[in-house]
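Comments concern the structure below.
We did not get these values from a lab; they are worked out from the coordinates using the rules stated. Note that the coordinates shown come from a computational prediction; the quantities given were computed from them, not determined experimentally. Cβ coordinates were reconstructed from backbone atoms using ideal geometry, including for glycine residues, and neighbour counts include every protein chain displayed.
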Amino acid sequence: INTAFNGNGDPATFSSATAFTLDKAVFAGAWNDGLNLRIVGTTADNQTLTKELVLNTQTATDVVFNWSNLASVRFTSSGGTPHQVYAPGKGGTQFTMDNLTVNSAAPIPEPETYALLLAGLGLVGAAARRRRAAA
């Protein structure tokens, strides 16, 4: 089992030069109950998608995003109170994330690709016609 968490409670970010889809993930507070988690997705055309969660240490929160055409996602955690057993008197704003599902978008062919495909099909058709005429 692989679970990620944000070290020292710092914001966590991931990004890609290729557009991707953030499908889903499971979150929990690592040390604090009532931990606030703000998730901001930025699309390839600079639109912003936001989701706010309140997390606890003993409960996993399944989140379905279905955010597509993303360039980056940023997670920022804050607040909450230390769990009595896990972090008595200490606490921390780290969150845990598991079962992260991200899919890259298939590249969209450029118009030139379609033009080459049509030209190639035309040449194949012309060659087949010549072959039939010669036979």
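Give me the extension gain from residue 103 to residue 64: residue separation times 0.36 nm, minus the current Cα-Cα distance, reported in nm with one decimal.
Here the answer is 12.7 nm.
What ³J(HN,Hα) values, in whole Hz, does the Karplus curve 6.51 cos²θ - 1.76 cosθ + 1.60 give for segment 43-51 when θ = phi - 60°, with x put for Gly and Pro?
7, 4, 9, 6, 7, 10, 10, 9, 9
Which parts of segment 1-32 would a label at residue 40 reach, counting a residue when its backbone N lies under 14 Å from a point 7 Å out along Cα-to-Cβ?
Under cut-off, by backbone N: 11-14.
Less than 9 Å Cβ to Cβ from residue 41, Lys/Arg counted +1 and Asp/Glu -1: what total charge do the surrounding residues give?
Summing Lys/Arg as +1 and Asp/Glu as -1 gives +2.
Add +1 for every Lys or Arg and -1 for every Asp or Glu among the other residues with Cβ under 15 Å from the Cβ of residue 70, and state the total.
Here the count lands on +1.
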